[in-house]
Amino acid sequence: MAEARNEAISWNEIRWHLSKVEKPSRYTGGEINVPKKDRTGTDVLFALGFPDVYEIGMSHLGSQILYFVLNERPDVLCDRVYAPWTDMEKLMRDTGIPLFGLETRLPLSSFDIVGFSLQYELTYTNVLNMLDLGGVPLRCKDRKEGYPLIIAGGPCAMAPEPIAPFIDVFVLGDGEEVVLEIADVYKAWKNSCESRDELLRDLSLVEGVYVPSLYDIGYKRDGTIKSIRPKERTRGVSGDEAPAKISRRIVKSLEAAPFPVRPLIPLMEPIHDRAMVEIMRGCTQGCRFCQAGTIYRPVRERSLETIDDLSRNLIDASGYEEVSLVSLSSADYSCIEELVTRLVKENPCGARVSLPSLRVDSFSIDLARTLSSGQKVGLTLAPEAGTQRMRDIINKKVTEEDLIDAATYAFSNGFSNIKLYFMIGLPGETDEDVLAIADLAKKIRQIGRNMKVRPNITVSASGFVPKPNTAFQWEPCISQEELVRRQRLLGNALRGPGLIYKYHDAKTTWLEAIFARGDRKLSEALEIAYRKGARFDAWPDMLQENLWKESFRESGLDPSFYAHRERGEDEVLPWDHLDSGVTKQFLLSERHKARRGITTPDCRRGPCVKCGVCEKFGVENVLAVKREV
Amino acid sequence: MQELKVRVNYVKGDQVRFLSHLDLTRVMRMALRRANWPVLMTQGFSPKMKVSFYSALPVGTAGYDEYMDVVLNVSDRFLGKASTKSGEGSEVFQFLSLLAHSLSKTLPTGVSIKQVFPVEKDEEPFESRILSSLYHVHMRKVDEICLTTAITEFLKCSSVPYNINRRKSTKTIDLREFISWAQIKPVQNLGPDILCVLMEIKHADGRTARPQWVIDSLSEFGLSADSKEVIVDRVKIRR
């Protein structure tokens, strides 16, 4: 662990070294729109940590929202910290420079609260590395008084057991309200003489907060979980016990929710170099593989007027040339046509408008045409599976006819490059389903050829990883060897001019499948792998498979138990005590319907599907325009 | 509306020395938009601002005499009889001083505007008029006598071959022909163990050399120094 230092790192100390590392502006800060706040007078010093490189972290809208919300408070100062690339890590370790906040240049260990955003499981080793480089003991039990409170949120917080021994507090669900409540509890605790344990107990009483150290996990002989229960003697000052089930937080309406209209603009180019407006949160399409479709329910749309205002303000404050209307499925926004017309044709904000995701239909192609304003770049569509049978299983309500129509319409409107997203290894998939992906791509290519365009069809096939809180959470992930075989099968069938085949590294799928549904025991393997040098595991050329295999061996854990085992329907799952609002019963019924190839409608456009969210939280889908049901 | 080409003399300061040239151009373009400069756009599907940058600085090097040209689309009333020869106090200069002010307010810490002035549209390209750059190279933990000797020996040579390693190839240049002169800055108050070398590096046919290459090649003349542990500032561009 880096030696604990309390003083800010001087610019002079850093600048002599930075020429030795790749992309040194990752570590210099100085972004546009950083609020000018004085440390004196602030009660809570907060660092938002993103466990990946700067240019990825700076493109993450959720972090920008939390940064904005926290810095709006005069008593809180929020700084940011990102995972240093391996060259910078070596430099820091060699020179004794600890990991520091980009604005205050204070070592991580000097902050009151460090909050990590856990977007994907393969960043876990980076979280450990950031703590260690920042002079913070890795395990919660070793962090006594004086060390920062380590919190984490994001989608992985809904099934966080593999990283639970390293994180004091998880935040479940929408963070913009609960993060302020955590700051309040922390501030009150800081002004009291209570112990750190007392702080954790107080925090466990905040809705949406999960304190893993307050829960006991019992295991059966076969390694599955027997029970997850709050520990005895977890009484907080108010006398309440840590809840047996922790519900996620939901912001009922986005209309009044805070949004950063003066976003941070990095000086080096981030991966998404454009202004972003969150036009809605949540998706009720009900794709059975999709975790986000469960853990962000219900749909909450912003109004046209608010989006219009936000876009104008964002462009003025940023200087971006493009504004992206982001959400899980932006083409599903209830009045997307009106919104796009308003933003593009009336062009109030003087910038290009883009939609990150399109549906497979001619309506979406029309949108793409309007957005491209003459310039025909590429189109990306996600049929996800090659046959109707498979698409019914995963509840992706797209037919081959839709795809053919969309492609025909796209070619006739000047598009020639079409990218298609698929998954391989879905439950119930056969070789015919895999080969059908190639057939589909070839059919689309032929349509293009018949229409005298020179089509380029890119097929991108990722390995399916069963995720917690989905209808497929009980399913086994196929083995690496089988995934490679199916990838080759598809690759061989996809040869030819105008066809491009891209696929994900099978070992990444393997490791993600282990950690996505892992239990607390996996933390041993995680720490061993980190100590052996695992970093940036989401980067295919960085993931060291043998190192991980050794780590599983040394920790006495069988990776297949986590990745390739079908879970029993009555099994206690490691995230059963964390409540997304969608009932286990609903997910089970979806699993059974998947096996029978029965689809479930979108509750935005049909009757309630009884997933449980609206009933539990007293919420409902909020649409910009009410649709007739 | 008429086109007006203006030259912006700016500073890429210490805090932004690690920005790449490409990132700096992005920062400038975004700042021009935030400052609402009436920049002329190129025609076509993806219109781009008509902005040109000169003599790119490498990552890690600060510049205190940098230039970019911006073509503006301005109302006739600002130009009228005005030309680039109009004196200070003219409407054009007042207009440009307002623009300079608005741009200054939107720039990140470390980037600042020294001057904005009009130039003839058909002026000879700026890049080809650059004769040399004057650099300050700060070094630490280096023996002064050793450094002085190495510089003297370097300058005595009529030719110093230097290999530039690129990703896939190596190119050999005669580094000596780019160096007009180099010397240790005599008066300095830079802190303990820090020395500053001044050097003038020529530009010829769009080519020039980097001060770090000189530091690298001084190893052949008895100096042991890490060219990645120097702080380089370009203080002047000579035309």
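With a cut-off of 18 Å on the backbone N, the residues of the range A:288-322 near the modelled label site 7 Å out from residue A:346 along Cα-Cβ are A:302-316. Amide H contacts under 5 Å for residue A:9: A:106, restricted to partners 5 or more places along the chain or on a different chain, H placed in the peptide plane at 1.01 Å from N.
Mind giving me the FRET efficiency for residue B:56 and residue A:337? R0 is 60 Å, r the Cβ-Cβ distance, nearest 0.05 is fine.
On the way: r = 45 Å, r/R0 = 0.74.
With R0 = 60 Å, the Cβ-Cβ based efficiency is 0.85.
Between helix A:431-450 and chain A there is an angle of about 60 degrees, using the helix long axis and the longest principal axis of the Cα atoms.
Using only Cα atoms, tell me the angle between helix A:61-71 and the longest principal axis of chain A; keep it within 0 to 90° and round to the nearest 10. Helix A:61-71 sits roughly 30 degrees off the main axis of chain A.
Bridgeable lysines around residue A:593 (alpha carbons under 22 Å apart, same-chain partners fewer than 8 residues away excluded): A:396, A:397, A:467, A:584, A:610.
Ligands, DNA and RNA left out, the 1.4 Å accessible surface of the protein assembly as shown is 49% carbon and sulfur atoms.
Take each residue in A:19-29, count the other chain C-beta atoms within 10 Å of its C-beta, and the mean is 5.
Add +1 for every Lys or Arg and -1 for every Asp or Glu among the other residues with Cβ under 11 Å from the Cβ of residue A:520, and state the total. Around residue A:520, the surrounding residues sum to -3. Under the simplified labelling scheme, the residue A:608-residue A:207 pair shows an inter-label distance of 1.8 nm, with each label point 7 Å from Cα along Cα→Cβ.
For the protein assembly as shown, the solvent-accessible area of protein heavy atoms averages 41 Å² per residue (probe radius 1.4 Å; ligands and nucleic acids excluded). Counting only other chain Cβ atoms within 10 Å of each residue's Cβ, the peptide B:14-23 averages 5. Between residue B:102 and residue B:75, the contour length at 0.36 nm per residue exceeds the alpha carbon distance by 7.9 nm.
Measuring between their Cα centroids, the range A:392-407 and the range A:2-66 lie 45 Å from each other.
Between the Cα long axis of helix B:144-156 and the first principal axis of chain B there is an angle of about 80°, rounded to the nearest 10. Extension gain for the segment residue A:482 to residue A:38, taken as residue separation times 0.36 nm less the Cα-Cα distance, is 154.2 nm to one decimal. Available extension along the chain between residue B:224 and residue B:48 is 58.7 nm, counting 0.36 nm per residue and deducting the alpha carbon span.
Give the separation of the Cα centroids, the range B:1-74 to the range A:499-553, in Å. Answer, in whole Å: 43.
Among bridges DSSP assigns within the protein assembly as shown, what percent are antiparallel (round to 5)?
Details: 62 of 112 bridges.
Around 55 percent antiparallel, to the nearest 5.
Reducing the range A:81-140 and the range B:96-173 to their Cα centroids gives an inter-centroid distance of 35 Å.
The values are calculated or read from the model by the stated rules, or taken from the named source; none is laboratory data. None of these values were measured; they are calculated from a predicted model. Methodologically, a virtual Cβ is constructed for each residue, glycine included, from the backbone with ideal geometry; neighbour enumeration extends over all protein chains shown. Protein only, heavy atoms only, side chains kept; ligands, DNA and RNA dropped before computing areas. Shrake-Rupley method; radii C 1.70, N 1.55, O 1.52, S 1.80 Å.
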